[in-house]
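Notes for the one structure printed next.
Taken together, the values in this text are just the output of simple stated rules run on the coordinates, not laboratory data. These numbers were taken from a predicted model, which means no experiment stands behind them. Because the Cβ atoms are built from the backbone with ideal geometry, glycine has one as well, and the counts that use them run over all protein chains shown.
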Amino acid sequence: MGSKYIAYLPRYVRLEDGRRYGIPLSMIMRGLRDSVFIVRIPSDEVDDAAIGLIRRGFKRTSLALNKGELYSLTKRVYEPWELHVRIFNNGYVESEIEVDRDYLQHLTGPRFNVIYEAYEALKGFTSYRRICIKPLGECINDVIENVGIELRAPRVLIPWKPLVAAASSMLLIPILSKVQLPNILGNGFAGQ
């Protein structure tokens, strides 16, 4: 497919205490496997945030590795990318962009921690939202400069649902060939 996604993330920021901080690229690149950036919302507004996201087209997902979240929601951004948002009961919101779960490649990546997408999606559903740097335990007051990280989708995407249907059919054929079903059209009924 060749589709790419550019994730923009804070690079130079002003923290809540007024200090300027340059987020090391090595920390940002941890977003390949961990959440570096989170959105913090009031913990008593977690349910409102989830309901709001569902109204905006997000769907609950059961096919996700649970990290202790209260809500696991996804929304297709554009082919083949989806935004996966996890909302925790303490008001932390983690999000990542990943290959849509319709494809086998969802299991192997690529995926990356993103922040602005979830921040914008939550707009209007909470009394406040803060972008925070999870490893530092500090929130951002102002973003001075962003960095763009380019993700490339796999060239060939394999949808898993047709594979499951084909495999199920292949498993059922030998079983059905051994089962004798009543002959509905023939003389299989008593009294004929």
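I need 72, 62, 127 ordered by Cβ neighbour count within 10 Å, fewest first.
62, 127, 72
How would you rank 139-150, 39-50, highest first, on the average number of other Cβ atoms within 10 Å across their residues?
Descending packing order for the listed peptides: 39-50, 139-150.
With all pairs of different alpha carbon atoms counted, what Kirkwood hydrodynamic radius in Å does the range 4-152 show?
Averaging 1/r across every pair of different Cα atoms and inverting gives 15.5 Å.
When the chain is fully extended, how far beyond the present Cα-Cα distance does residue 30 get from residue 155, taking 0.36 nm per residue of separation?
Net length gain for the segment: 42.6 nm.
Using 7 Å Cα-to-Cβ label points, what is the residue 138/residue 76 separation (nm, one decimal)?
Placing both labels 7 Å along Cα→Cβ, they lie 4.2 nm apart.
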